[in-house]
Each structure stands twice: as structure tokens, then as C-alpha cells.
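J.: My questions will all concern the structure given below.
The values are calculated or read from the model by the stated rules, or taken from the named source; none is laboratory data. Bear in mind the structure is a predicted one, so any value in this text is a computation, not a measurement. Cβ atoms come from the backbone with ideal geometry, glycine included; neighbour counts cover every protein chain shown.
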Amino acid sequence: MLKPTRKPDSQTRRSRTDGEATRSRIIDAAGQVFAERGYHDTTSKEICKRAGVNLAAVNYHFGSRDGLYLAVVGEVMSHLLELEYLQQIAASDKSAADKLGEMIDGLVHSLIEDRSWHTRVWAREILTPSPVLAAITATEAMPRIEIVLPLLSDLTGIPSDDPRRFYGLLGLMSPCLMLLIIDPDQPTPIQSIYSRPADEIADHIKRFIFSGLRSFAETS
């Protein structure tokens with residue numbers, strides 16, 4: 001005879017809530033420090049001070065400093081391009097062009113309208129990769145790339161087993177990476193772009209990307 005499942009009491013629920021709040025506070029504090037100093041120059045001591053916790057709390061929730069950094073990057077990727085959001089777009093009845101366009105819109109809006117620590121952490125990771133880059137690629141980047149690659153095949157006619165698809169991926173990533181890594185507060189040739197509406201920037205980027213993909217399809 002099956003025993004009824006015991007519902008968690010109020011103390012258990014409160015402890016779980018407190019633990020989740022602490023975990024979120026550590027991630028936010030760590031994200032700020034990693035954004036300011038980068039992976040290599042950030043210490044656990046500084047993160048703990050910023051979060052108002054001790055090292056035991058970091059190890060309890062994340063296992064190690066690298067575990068915490070992976071959690072921070074996971075938060076970054078969800079902030080910029082939430083995986084479930086991409087999956088929902090990919091599963092819709094829209095055309096490949098409309099799906100890809102919607103994904104570009106979402107990313108550009110995240111990059112232009114919310115220059116938080118999330119974008120700076122990812123920019124630093126791209127410019128000065130951490131020792132856990134391989135794990136980041138496997139757990140965060142590849143699941144998103146695997147959603148995009150079939151759309152590139154549909155748009156260019158290049159088969160899924162043809163490595164030339166990655167040239168299309170390179171053309172797709174390049175303008176968005178430029179928006180990510182260039183500091184909008186620094187004087188650069190494209191600084192004025194950051195003051196323009198995100199919709200306008202996204203439209204120009206989509207025109208550039210889709211023009212390249214059409215040209216690629218004609219010559220493939």
C-alpha cells in the first residue's frame with residue numbers, strides 16, 4: 001500500500017525559499033564582479049563580500065568558483081536568448097525567415113535596451129576566454145546553435161551535413177557580436193548606433209544577414 005506523500009511543512013518551504021534567494025543573490029553579485037574584472041581577476045572573496053555571504057555558501061550552492069561562473073554564464077544566456085523562447089519560435093508554423101528574424105529581434109533588443117552586467121560578462125568571455133569555455137560551449141552555446149542551423153539550411157538550401165552551413169552561421173553572428181563587445185559609452189565609429197531604436201537596428205541587421213544568405217544560396 002502506497003503511503004501518502006508528506007507535504008513539506010512551512011519550515012521546509014521557507015528554507016527552500018531562503019536558499020533560492022541566497023543563490024540568486026550570489027549569482028547577481030558574482031555577475032557584477034565578473035563583468036567588472038573578468039574571470040581571471042575576480043576572487044571568491046570579493047564575490048562573497050558583494051553578496052554578503054561566506055565561502056561556504058558559494059560552495060554549497062555551486063560547488064566551486066568555476067561552478068558559480070558557469071551558473072552566471074547560464075543566467076547571461078537566458079537573459080540574452082532564453083532557450084525555451086528559441087524552442088518555441090522554432091516549433092511555430094512560421095517560415096524559416098520569420099523564425100530567424102524573430103530570434104534576431106529578440107537578441108538585438110536585449111543587447112541595445114539592457115546593457116546590464118549580463119552583456120559585459122559575455123563580452124569578456126568572448127575577448128578573454130575562461131578555462132571553462134568548453135563547458136560553456138557544450139551546455140549553453142551548442143543547444144542554441146542547433147536550433148539555428150536547420151533554419152540556415154532552409155534558407156540557403158545547404159544540406160544539414162554540409163559544413164558550409166557554418167559560413168552562414170558566421171555571417172549571422174558577426175553583427176550581433178559587434179554590438180555585444182563594443183562598449184556603447186566609448187568613442188567608436190559606431191557609437192551613435194546605440195542611441196537608435198532597437199527595432200531600427202534589428203531591421204538593418206536583418207537586411208544585411210538575409211541579403212548575405214540569399215547570395216550564399218544562389219552560389220551554393
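J.: Go through Pro159, Pro187, Pro150 for me and flag whichever is assigned to a helix (DSSP H, G or I) and assigned by TED's automatic domain parsing to the domain that holds Leu100. Write out each step before concluding.
T.: Numbers: Pro159 fails: assigned to a helix (DSSP H, G or I); Pro187 fails: assigned to a helix (DSSP H, G or I).
Step by step, each of Pro159, Pro187, Pro150 is checked, and only Pro150 is assigned to a helix (DSSP H, G or I) and assigned by TED's automatic domain parsing to the domain that holds Leu100.
J.: Of the numbered conditions (1) touching a residue at least 24 places away in the same chain (Cβ under 8 Å); (2) touching a helix residue (DSSP H, G or I) at 6+ places or on another chain (Cβ under 6 Å), Glu102 satisfies every one except a single condition; which is it?
T.: Every listed condition holds for Glu102 apart from (1).
J.: Might you let me know whether segment 120-127 holds any residue that is of a type in the set (Val, Ile, Thr) and loosely packed, with under 15 Cβ neighbours inside 10 Å? Please lay out each step first, then the result.
T.: Of all residues in segment 120-127, those of a type in the set (Val, Ile, Thr) come to 121, 126.
Next, from what is left, pick out any that are loosely packed, with under 15 Cβ neighbours inside 10 Å: 126.
Yes: one or more hits.
J.: Right, another one. May I ask you to verify whether Ala138 is assigned to a helix (DSSP H, G or I), exposed (fewer than 13 other Cβ atoms within 10 Å of the Cβ) and not acidic (Asp, Glu)? So that I can check it myself, show each step before the final result.
T.: Values: assigned to a helix (DSSP H, G or I): yes; exposed (fewer than 13 other Cβ atoms within 10 Å of the Cβ): yes; not acidic (Asp, Glu): yes.
It is true that Ala138 is assigned to a helix (DSSP H, G or I), exposed (fewer than 13 other Cβ atoms within 10 Å of the Cβ) and not acidic (Asp, Glu).
J.: Another question, if that's okay. From the list Arg214, Arg207, which one is over 24 Å from Asp114 (Cβ atoms) and either of a type in the set (Asp, Glu) or free of Cβ contacts under 8 Å to residues at least 60 places away in the same chain (or both)? Lay out the reasoning, then the answer.
T.: Numbers: Arg207 fails: over 24 Å from Asp114 (Cβ atoms).
Only one candidate passes the filter, namely Arg214.
J.: Same structure, new question: Looking at Ser95, Ser78, Ser110 in this structure, which one is surrounded by fewer than 19 Cβ atoms within 10 Å (Cβ to Cβ), of a type in the set (S, T, N, Q) and modelled with pLDDT under 95?
T.: Values: Ser95 fails: modelled with pLDDT under 95; Ser110 fails: surrounded by fewer than 19 Cβ atoms within 10 Å (Cβ to Cβ).
Residue meeting the stated conditions: Ser78.
J.: Another one. Glu146 is checked against (1) surrounded by 16 or more Cβ atoms within 10 Å (Cβ to Cβ); (2) at pLDDT 90 or above; (3) among the charged types (D, E, K, R) and fails just one. What number does that condition carry?
T.: (1)
J.: Sort through Thr119, Thr156, Thr137 and tell me the only one that's under 30 Å from Tyr39 (Cα atoms), touching a Ser or Thr at 6+ places or on another chain (Cβ under 8 Å) and not small (Gly, Ala, Ser). Break it down stepwise before answering.
T.: Working: Thr156 fails: under 30 Å from Tyr39 (Cα atoms); Thr137 fails: touching a Ser or Thr at 6+ places or on another chain (Cβ under 8 Å).
Testing whether each residue is under 30 Å from Tyr39 (Cα atoms), touching a Ser or Thr at 6+ places or on another chain (Cβ under 8 Å) and not small (Gly, Ala, Ser) leaves just Thr119.
J.: Name the pairs: first residue in segment 168-181 and under 18 Å from Val121 (Cα atoms), second residue hydroxyl-bearing (Ser, Thr, Tyr) and surrounded by 14 or more Cβ atoms within 10 Å (Cβ to Cβ), Cβ to Cβ under 7 Å, at least 6 apart or on different chains?
T.: Correct list of pairs: Leu180/Thr119.
J.: On the basis of being closer than 14 Å to Ser130 by Cβ, of a type in the set (Val, Ile, Thr), in contact with a helix residue (DSSP H, G or I) (Cβ under 9 Å, 6 or more places away or on another chain) and not assigned by TED's automatic domain parsing to the domain that holds Val148, does Val53 make the cut? Break it down into steps so the answer makes sense when it comes.
T.: Details: closer than 14 Å to Ser130 by Cβ: no; of a type in the set (Val, Ile, Thr): yes; in contact with a helix residue (DSSP H, G or I) (Cβ under 9 Å, 6 or more places away or on another chain): yes; not assigned by TED's automatic domain parsing to the domain that holds Val148: yes.
The answer is no for Val53.
J.: In segment 153-169, which residues are within 20 Å of the chain's Cα centre (by Cα) and either closer than 14 Å to Leu100 by Cα or buried (at least 17 other Cβ atoms within 10 Å of the Cβ) (or both)? Outline the logic, then answer.
T.: First pass over segment 153-169, keeping only residues within 20 Å of the chain's Cα centre (by Cα): 166, 168-169.
Gly168, Leu169, listed by residue number.
J.: Now for a different question. Go through (1) in contact with a Pro (Cβ under 8 Å, 6 or more places away or on another chain); (2) at pLDDT below 90; (3) hydroxyl-bearing (Ser, Thr, Tyr) one by one and return the number of the condition Ser153 breaks.
T.: Single failed check for Ser153: (2).
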